[in-house]
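What follows draws every value from the coordinates through simple rules; no lab data is involved. Please read these numbers as outputs of a predicted model, since none were measured by experiment. Cβ placement follows ideal geometry from the backbone for every residue including glycine, while neighbour counts extend to all protein chains displayed.
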Amino acid sequence: MPEPSLTAPSDDRRRSELVTALAAVRARIAEVCASVGRDPRAVTLIAVTKTRPASDVVTLAQLGVRDVGENRDQEAAAKVSEVAGLLEPAVPRPHWHFLGQIQSRKARSIASYAGTVHSVDRVDIAARLADAVAARKRERLDVFVQVSLDGDPARGGVVAASLPSVAEAVASRPELRLRGLMAVAPLGADPDEAFTELAELSARLRERHPSADAISAGMSADLDAALRHGATHVRVGTALLGRRAPVIG
């Protein structure tokens, strides 16, 4: 019998690991939502699968996970194609979220597979994505504007003072739909304080763009705080996929 490939559907042990982890993450989301009177069904769980094999994405799709996030275009583009080839026809295809910083030259590629982009932080990136969507004649691309809560350019994000111009650049293009804001809590900061600030920025954004009511915030370590402050999309990697040695499919 031939050796199984690293990109073939996961074996029973890996499937069991993912079943257990997925149940734990969903229970965690439900518990936090219950504590603040929120409906957990209003929270989108994005499985962050960077450095993980396509087989993990296939298993998660089989388990009902519909939203998958990637950080690097080169890895994402290859994985999207591979997953499409591995999934059985009866299993819904994932909705792909692009989460990483966007290089101008990668905008066209990202627009070819992503349904949602969480990391737009420059006017020119918004324009490039919109142009790429128009060129492909595809449906509108959902966009979050990434906000920097600490001003660190290495981590991406627009500072609060420049947020209105970037948001307007997204909202003004019919190829894009402004969903709301995304942020990463600053390293070493109190996540409750960080996500309080993000919630305030979101409220201000909605004064100008009422439909931009989504907040992408919270990862494995701080999703509880993010949910307490209104996160509608949480981006979970380690808590869902574990800390095992990564394998690129």
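Kirkwood hydrodynamic radius, computed over distinct alpha-carbon pairs, for the range 53-192: how many Å, to one decimal? Kindly include the intermediate steps, with their values, before the conclusion.
Details: mean 1/r = 0.0635 Å⁻¹.
One decimal place: 15.8 Å for the Kirkwood radius.
Output the antiparallel fraction of DSSP beta bridges having both residues in the chain, as a percent to the nearest 5.
Taking every DSSP beta bridge with both residues in the chain, the antiparallel ones total about 0 percent.
Indicate the helices, whole DSSP H runs only, in the chain that combine a mean Kyte-Doolittle hydropathy of 0.0 or more with a Cα extent along their long axis of 27 angstrom or more.
The answer, listed by residue number, is 12-35.
Whose amide H sits under 5 Å from the amide H of Leu176, counting only residues 5 or more places off or on another chain, with H placed in the peptide plane?
Here the answer is Leu141, since their amide H atoms fall under 5 Å of that of Leu176.
Per the Cauchy relation, a quarter of the hull surface: what is the mean projected area of the convex hull of the alpha carbons in the chain, in nm²?
13.9
From the backbone phi of the range 44-51, what are the Karplus-calculated ³J(HN,Hα) couplings (6.51 cos²θ - 1.76 cosθ + 1.60, θ = phi - 60°) in whole Hz, Gly and Pro given as x?
Running phi through 6.51 cos²θ - 1.76 cosθ + 1.60 with θ = phi - 60° gives 8, 8, 9, 7, 8, 10, 4, 6 Hz.
Treat the count of other C-beta atoms within 10 Å as a stand-in for reagent exposure and order Lys137, Lys50, Lys106 from fewest to most.
Lys137, Lys50, Lys106
Can you list residues whose amide H is under 5 Å from Asp67's amide H, if they're 5+ apart or on another chain and H is modeled 1.01 Å from N?
Under 5 Å from the amide H of Asp67 lie the amide H atoms of Ala47, His95, each far enough along the sequence or on another chain.
Tell me what the chain gives for mean residue ellipticity at 222 nm when only DSSP H runs of n ≥ 4 count, each as -39,500 (n - 2.57), the sum divided by the residue total, rounded to 500 deg cm²/dmol.
-13000 deg cm²/dmol
Using per-residue counts of other Cβ atoms within 10 Å, averaged over each peptide, order 118-124, 63-69 from highest down.
118-124, 63-69
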